[in-house]
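Everything below concerns the one structure shown next.
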Amino acid sequence: MSVTSTDPRQDSPPAGPGGAGPPTDDGPERRDVAGGVLNVFAHSFLVLWALMAAGPVLWVVISSLRPHADVVADPFGLPTELSWDNFSHAWTNANIGRYTVNSLIVLAGSLTGTMLLGSMAAYVLARYSFRGNRAVYLLFTGGLMFPVFLALVPLFFVLNNFGLLNTRQGLIIVYIAYSLPFTTFFLVSFFRTLPGGVQEAAALDGASHTRTFFQIMMPMARPGLISIGIFNFLGQWNQFVLPRVLNVGDSDDAVLPQGLAALMVQQGYEGDWGALYAGVTMSMLPVLVVYVTFQRQVQSGLTAGALR
Amino acid sequence: MKDSPRGQERLTPRDRLLFTVAFLVPPRFTPDRVRRDRRYRKLDQRRFIAWFLALPLLVYLIFVVSPFLQAFFYSLTDWTGYSATYTFTGLDNYQRMIEDDKFWDSTVNSLLLLVLAPLITLALGLFLAYMVNVGGRRVGGGGGGGVPGSRVYKVVYFFPQVISIAVIAVIWARIYSPTGLLNEGLGAVGLGSWERESWLGGEVAVWCVLAVLCWSFVGFYVVLFSASMSSIPGEIYEAALLDGAGRAVTFFRVTLPLTWDTVRTGWIYMGIQALDAFALVDVMVPEHGMDVLPSYLFEKAFRDAQAGYATAIGVALFLLTLVFALVMMLVGRRERVEL
């Protein structure tokens, strides 16, 4: 595996274990050796953390392929034969299939809505000057400072009053509302970087504001839209707190993370964890595939969240 | 932008009506009379602005701004949440909070996470990011994208970030369970005496939550810090090397100062994550044997029907977040280093 291969650019062999400390005061002639030591030093830590990070996830995936009794007898064992019983059990009896569909429906609505409303607001705030522009911008971005838990109790009753509690529409609209601050903030700064000349040219050619937005500015903003889209996709797909509070009617209506948490409680009574491991695996695999395919965009999209 | 250019003739009542209509209907239904007016361009632009902002603002005001404002108000009432009536009780909820031992237990746990989670996560993140970026760099050679396989490391490390925190909690709840991986693992390496009947039931629960919190965010910071470290020009490292600086000195004198802004914002972000921790406690800790502020708020509001008191806890949580962010911004401020 490429993870453990040594650096081909390294022209001196890794030194022995004697010099494993951080080489802070090496003379110039020892530097190459020190680099080798550091390389071994670095790699051992990197591999160690890779095992730490991937271990629990791998263990669940492996356990999901083994019958429950085997996992109890030897938690560290490998599957002797592939058994898909856990998966079919999880998909049908444990309702994972249903939860997945629920999650997909909610996500389809909320992600579309977030991207549309977010980019509309951001575009106007970024490209037009009007009285109150600054105030609206601050209103949106100010939402980033407040912990969602402060709003949670009143939000529950706001939804109740609108008859949106325990409905998909309610979840969709709340997801959109709580994604707007960061989406707007991110996209405003993105739309500001786009060249203004294109917009003027479109206006001179007689394109309406709406048309300029949808046919010219949106395509130009694609990189930004993709980053924030991935950010919102993962955030909303993985959302736990909001459905935990606002979607508590029928257990059949649960979204995936909610359903898995409930499944854990339920399997605790039944004493069969195989379906749970299978459910967790099924919920992770699609995200894993998307992630490995778009790793660069995912990483930049998600880390953008910390730089606000 | 001013309302209308000065010196322009005033609108007749009929024009005013037409302009108002034009503002409210889609562009294609604009009356010709208005369309030919030279003020139409301005109207068209304002109409566009208003229409595009209306829906996002409406949704935002109803579902985000109004609940936040209501929270401050309800924290001053004895509202149960399930009846329509409530009385204004002033600061009674806050008085009660100060005398509530469970509230203080939750606060202590939240503070513990707030202080330790960023410290551990960022330290590990910085260390691993430095190893990924600088570890494999050929001495004197400058440049290069870090150790071989650095991309693979980052992909693997980052993975916990893309799965739901609830799923992470489910996985770790199984690992911490009495017959789970942790106990089995301790037994396997001869540390059987360290095994615990219940990791998540006793006083170690908060440490278990802390460990999972750090575990799930380290990869995020490795990626974040890697990006900012790789933007440091190689010449600076070469210069440091020529001056005889070792790796540790280089890290503390060159890398850390040049990534300080990222570290600071990352610290604030991690603190806010640590103040949440709701999903971990809610899923992992049976019957909330251990509480953090958000989970205590949740219990009060949705189990004990004390919505008024719960919002008061929410206000406390908000103040804590605010103080933390302000302190971090003031304490962590440094001269910005221009590259």
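Values for this structure:
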{"quantity": "222 nm mean residue ellipticity, helices alone, for chain A (DSSP H n ≥ 4; -39,500 (n - 2.57); rounded to 500)", "calculated": "-21500 deg cm²/dmol"}
{"quantity": "14 Å beta-carbon shell around B:E203, net charge (K/R +1, D/E -1)", "calculated": "-2"}
{"quantity": "Whole-number D in µm² s⁻¹ for region B:5-139, Kirkwood Cα-pair radius fed into Stokes-Einstein, 4 °C, 1.567 mPa s", "calculated": "58 µm²/s"}
{"quantity": "Cα convex hull of chain A - mean projected area over all directions, nm²", "calculated": "24.9 nm²"}
{"quantity": "Net charge contributed by nearby residues that have their C-beta within less than 15 Å of B:L112 (K/R +1, D/E -1)", "calculated": "-4"}
{"quantity": "Kirkwood-Stokes translational diffusion coefficient of region A:120-189, alpha-carbon pairs, 37 °C, 0.692 mPa s, µm²/s", "calculated": "246 µm²/s"}
{"quantity": "Cα-based shape type of chain B, given that a ≥ b ≥ c are square roots of the gyration tensor eigenvalues and the cut on a/c is 1.5", "calculated": "oblate"}
{"quantity": "Tensor-based shape of region A:186-308 (alpha-carbon gyration tensor, a/c under 1.5 rounded, otherwise prolate or oblate)", "calculated": "prolate"}
{"quantity": "Gaussian network model of chain B, Cα within-10 Å springs - most flexible of B:S150, B:S228, B:S66", "calculated": "B:S66"}
{"quantity": "Candidates B:L322, B:L182, B:L61, ranked by Gaussian network fluctuation over chain B, Cα under 10 Å, top entry", "calculated": "B:L61"}
{"quantity": "Within chain B, longest stretch free of exposed trypsin sites (Lys or Arg not before Pro) [DSSP loop, at most 12 other beta carbons within 10 Å]", "calculated": "B:39-302"}
{"quantity": "Cα centroid separation, region B:232-278 to region B:165-208 (Å)", "calculated": "33 Å"}
{"quantity": "Ellipsoid semi-axes in whole angstrom, largest first, where each is sqrt(5λ) of the Cα gyration tensor of the protein assembly as shown", "calculated": "45, 35, 25"}
{"quantity": "Lys, Arg +1 and Asp, Glu -1 on Cβ, resulting dipole of region B:204-300 about Cα centre, debye, nearest 20", "calculated": "200 debye"}
{"quantity": "Distance between region B:11-54 and region B:75-104 - C-alpha centres, whole angstrom", "calculated": "50 Å"}
{"quantity": "Principal axis box of region B:193-339, alpha-carbon based, largest edge first, Å", "calculated": "65, 43, 20"}
{"quantity": "Under the span-like rule (Cα at least 27 Å along the axis, Kyte-Doolittle mean at least -0.5), DSSP H helices of chain B", "calculated": "B:40-60, B:101-130, B:205-230, B:307-331"}
{"quantity": "GNM result for chain A, Cα springs below 10 Å: residue of A:G229, A:G197, A:G118 fluctuating most strongly", "calculated": "A:G197"}
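FYI, it's all coordinate maths here, none of it is from the lab. What you see is a predicted model; the values in this text were computed from it and never measured. Positions of Cβ are generated from backbone atoms using ideal geometry, with glycine treated the same way; all protein chains shown enter the neighbour counts.
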